[in-house]
1. Can you tell me which residues in the stretch 107-146 are in a loop (DSSP other than H, G, I, E, B) and either touching an Asp or Glu at 6+ places or on another chain (Cβ under 8 Å) or closer than 30 Å to I13 by Cα (or both)?
2. Taking the stretch 154-212 as the search range and keeping residues that are hydroxyl-bearing (S, T, Y) and out of contact with any Pro (no Cβ under 6 Å at 6 or more places or on another chain), which one is farthest from D8 (Cα to Cα)?
3. Could you list all residues from the stretch 189-215 that are in a helix (DSSP H, G or I) and acidic (D, E)?
4. Test V176 against the stated conditions and say whether it is buried (at least 20 other Cβ atoms within 10 Å of the Cβ) and either hydrophobic (A, V, I, L, M, F, W, C) or closer than 27 Å to E94 by Cβ (or both).
5. Could you tell me which residue of the stretch 147-178 is farthest from A107 (Cα to Cα), considering only residues that are in a loop (DSSP other than H, G, I, E, B) and not polar (S, T, N, Q)?
6. How many residues are farther than 23 Å from L124 by Cα, touching a helix residue (DSSP H, G or I) at 6+ places or on another chain (Cβ under 6 Å) and not in a loop (DSSP other than H, G, I, E, B) if we restrict to the stretch 67-97?
7. Give Q98, Q83 a once-over and let me know the one that is over 27 Å from G215 (Cβ atoms), in contact (Cβ under 8 Å) with a residue 40 or more places away in the chain and among the polar types (S, T, N, Q).
8. Name the residue, out of L140, L116, L124, L151, that is under 20 Å from the mean Cα position of the chain (by Cα) and of a type outside the set (F, W, Y).
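We did not get these values from a lab; they are worked out from the coordinates using the rules stated. These numbers were taken from a predicted model, which means no experiment stands behind them. Here the Cβ positions follow ideal geometry from the backbone for every residue, glycine too, while neighbour counts run over all protein chains shown.
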Amino acid sequence: MKTVPLADAVAMIPDGARIVVGGFLSVGTPERLMDEIVRQEKRDLTLIANDTARPGVGVGKLVDARCLRHVIVSHIGTNPETQRQMLADEITVELVPQGTLIERIRAGGYGLGGVLTPTGVGTLVEEGKQKIEIDGRPYLLETALKADFALVHAFLADYLGNLAYALTARNYNPIVAMSGETVIATAEHIVPVGVIAPDHVVTPAPLVDYIVANG
């Protein structure tokens, strides 16, 4: 694990990369990374996240700046700019039920090929997907989601890369931190090793590649 400046962390993300971002309507989203992606004018990114937040907030900043080519999210209802770009064919949107989405991300982090779910059986969701019957009940095979870069935000990080989260800002972050080939984390506070008690560590250091330096 390395501690790096913000600009250097984002410079590692090439145009066209696939990123998975923690947060829920921007709560727990690494805002500094979002701002720097916009500043560096990254383009054609594929975003995996719970939602596209709101204009000017969280991953909504990436929508506003037209950094995104494709999004895989559970909803876009809180961001009219995402809706406008989708209807104008400026961005493509893959909507995934929220529970299915997080399980697909989890499967990517655990090295699984996918998950079986009854959600969507008998609807348009099942089109083009493999259907598997278990004990007489049909399930859809939903393939795993993995990204080139996972971007997460913690409350505490230490200089080994152990992370702890605060309250609901934990949300998607621990699962997201498992599903990127390269994991970049920001934190409210970076503390010496030993300050975070072992049983308070949520994302262990071996999963984290880079911590963005504060200040």
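1. Passing the criteria: G111, L112, G113, G120, K129, A144, L145, K146.
2. Filtering the stretch 154-212 down to residues hydroxyl-bearing (S, T, Y) leaves 159, 165, 168, 172, 179, 182, 186, 203, 210.
From what's left, out of contact with any Pro (no Cβ under 6 Å at 6 or more places or on another chain): 159, 165, 168, 172, 179, 182, 210.
Values: Y159: 18, Y165: 24, T168: 29, Y172: 24, S179: 21, T182: 14, Y210: 10 Å.
My answer is T168.
3. The one that is in a helix (DSSP H, G or I) and acidic (D, E): D199.
4. yes
5. The first filter runs over the stretch 147-178 and keeps only residues in a loop (DSSP other than H, G, I, E, B), leaving 159-162, 165-166, 171-172, 177-178.
Of the ones still in play, those that are also not polar (S, T, N, Q) are 159-161, 165-166, 172, 177-178.
Numbers: Y159: 28, L160: 26, G161: 23, Y165: 22, A166: 24, Y172: 13, A177: 12, M178: 9 Å.
Top of the filtered list is Y159.
6. Looking only at that region, the number is 2.
7. Q98 is the lone residue from the list that is over 27 Å from G215 (Cβ atoms), in contact (Cβ under 8 Å) with a residue 40 or more places away in the chain and among the polar types (S, T, N, Q).
8. Of L140, L116, L124, L151, the one residue that is under 20 Å from the mean Cα position of the chain (by Cα) and of a type outside the set (F, W, Y) is L151.
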